[in-house]
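Everything below concerns the one structure shown next.
Laboratory data are not the source of any read-out in this text; all were calculated from the coordinates shown. All values reported here derive from a predicted model rather than from experimental measurement. So basically every Cβ, Gly included, is an ideal-geometry build from the backbone, and we count neighbours across all protein chains shown.
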Amino acid sequence: MRAEIKRDRDAVEFLTGERCHIKEVANDAGDEYLSIARARVEPGVVTAWHKLDGIAERYIIFSGRGRVQVGEAPPVSVEAGDVVRIPAGVRQRIENTGRDDLVFYALCSPPFQQERYVSLE
């Protein structure tokens, strides 16, 4: 890993097909072990069921309220400060149940690669 500062303001947010806005803050050769993206889900939106082959993911809820589903477990409410662990290859989705945007950081190890994203819808 390289010692450096990755600036949020330098990343560009984009809307994905899974109905989530993503800003890849750190996903480059500077860290071969972890990628970090800021995700934003608008009020009332449920992201698409998906999984990441060979990539474990962690959500750190930054703001807002939601309900997350991981694998076959029942939906669980989440709020700022909560951490969600998602093993590699396990299906997942998150719903914004609040009035404001649901914002969370997605940390992936190894780093996220689009070709490992599998839509389940």
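Can you work out ³J(HN,Hα) from phi for every residue in the range 27-43, in order, using Karplus 6.51 cos²θ - 1.76 cosθ + 1.60 and θ = phi - 60°, giving whole Hz and x for Gly and Pro?
Ordered by residue, 3J(HN,Hα) equals 8, 7, 5, x, 9, 7, 10, 8, 10, 10, 10, 9, 10, 9, 10, 6, x Hz.
Taking the Cα centre of the chain as origin, sum charge times position over the Cβ atoms of Lys and Arg (+1) and Asp and Glu (-1), and report the length of that vector in debye to the nearest 20.
Here the chain has a charge dipole of around 200 debye.
Which ³J(HN,Hα) values, rounded to whole Hz and listed in residue order, are derived for the range 98-112 from phi using the Karplus coefficients 6.51, -1.76 and 1.60 in 6.51 cos²θ - 1.76 cosθ + 1.60 with θ = phi - 60°, glycine and proline given as x?
Residue by residue, the range 98-112 yields x, 8, 10, 4, 8, 10, 8, 9, 10, 9, 10, 9, x, x, 4 Hz.
Taking amide hydrogens as modeled 1.01 Å from N in the peptide plane, which residues meet the under 5 Å criterion relative to Phe62, leaving out close sequence neighbours?
Here Gly81, Val103, Phe104, Tyr105 satisfy the definition.
Give me, ordered by chain and number, the residues 5 or more places off Val45 or on other chains with an amide H under 5 Å from its own placed amide H.
Correct list: Asn96.
What size of dipole, in debye to the nearest 20, comes out for the range 52-121 about its Cα centre when the only charges are +1 on Lys and Arg C-beta atoms and -1 on Asp and Glu C-beta atoms?
So the magnitude is around 100 debye.
So what are the ³J(HN,Hα) numbers for the range 57-64, from phi and the Karplus equation (6.51, -1.76, 1.60; θ = phi - 60°), rounded to whole Hz, Gly and Pro as x?
10, 10, 9, 10, 6, 9, 7, x
What residues qualify as long-range amide H neighbours of Val78, i.e. H under 5 Å apart, gap of 5 or more or another chain, H built at 1.01 Å from N?
Hits under the 5 Å cutoff: Gly66, Arg67, Val68.
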